[in-house]
Amino acid sequence: MPLRFICLRVLLAVALTVGASLATAVEEPESLIPFDKLNAAALARVQQVVPSYTFYRKVHLPKPVIHARYDIFEYLINHFDQCSIVAQPLKVVEYRSEQRPDGSFYADNHKGAKGVIWPLYAAPGERLYFAHGEDNKGEPVAGIAVVLFRFRETRPGAIACELHGFVKVDSWMQRVCALLFLPFITTTVDKRFSELVDVPLEVSEIATADPARVLKLMDALVPEDAAKLKEFRALLKGKEPPR
């Protein structure tokens, strides 16, 4: 999927806005991460970050409530690679995400930032991911994170979203240096971290508001891409199922 996420500047920036609030109970890993529901492989990835994470961040999403069909929205957050195929002709993103054999998704924005995200756990209204990213623009830096995405339909067609991240920066020296720039990076932090989910959220809104436009753009795709989107096309042409 369009994964412009977890480059060092994101990871370091996370630190700068959360230092004073780490003590509150709602920000403790145990209150957010469903440890008891994770399989061994997922738990092993989480333990690479938690409990030794460097920073916690509840991200300020640009649109904490979106207006979209719930089934379209959920399909896109489950299929980052397919979402990026649709997002390109919509001019939402310029590059692709690819799904790898191990189930992870890889993306490179060709501007120095690239990363991989592994889905760890899925439940109604909740997705847990492990991410690794790096930013080679300027001084090369990297980090890992456990990211929790929560969402709920507050009324038909309105979906409230929230994003939490526990981040572990690879370089302690860069982490310390970043603290010097606290007044300047809060906005950038939220913008970069939220890119993990921004694209599927935006595409789901467009597909809900103007499905005919999306279907027309999909008609122009090369056969290989069109074949990947057969299920999404059927979903888009159908009516939203009652809940």
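Just a few scattered comments:
- Note on region 55-71: residues that are surrounded by fewer than 23 Cβ atoms within 10 Å (Cβ to Cβ), in contact with a helix residue (DSSP H, G or I) (Cβ under 9 Å, 6 or more places away or on another chain) and aliphatic (A, V, I, L, M) amount to 2.
- Residues that are at pLDDT below 85 and touching a Leu at 6+ places or on another chain (Cβ under 7 Å) number at least 1 in the following strands (runs of 3 or more DSSP E) confined to region 64-147: 97-99, 105-108, 113-123, 126-135.
- Scanning region 214-243 for residues that are touching a strand residue (DSSP E or B) at 6+ places or on another chain (Cβ under 9 Å) and modelled with pLDDT of 95 or more yields no hits at all.
- Residue ID - farthest from Gly143 (Cα to Cα), chosen from residues in region 53-63 that are in a loop (DSSP other than H, G, I, E, B) and not basic (Lys, Arg): Pro62
- Residues of region 39-52 classified as over 16 Å from Ala145 (Cβ atoms) and in a loop (DSSP other than H, G, I, E, B), total: 1
The values are calculated or read from the model by the stated rules, or taken from the named source; none is laboratory data. None of the values given here were measured: they were computed from a predicted structure. For neighbour counting, all protein chains shown are included, and Cβ atoms are generated from backbone atoms with ideal geometry for every residue, glycine included.
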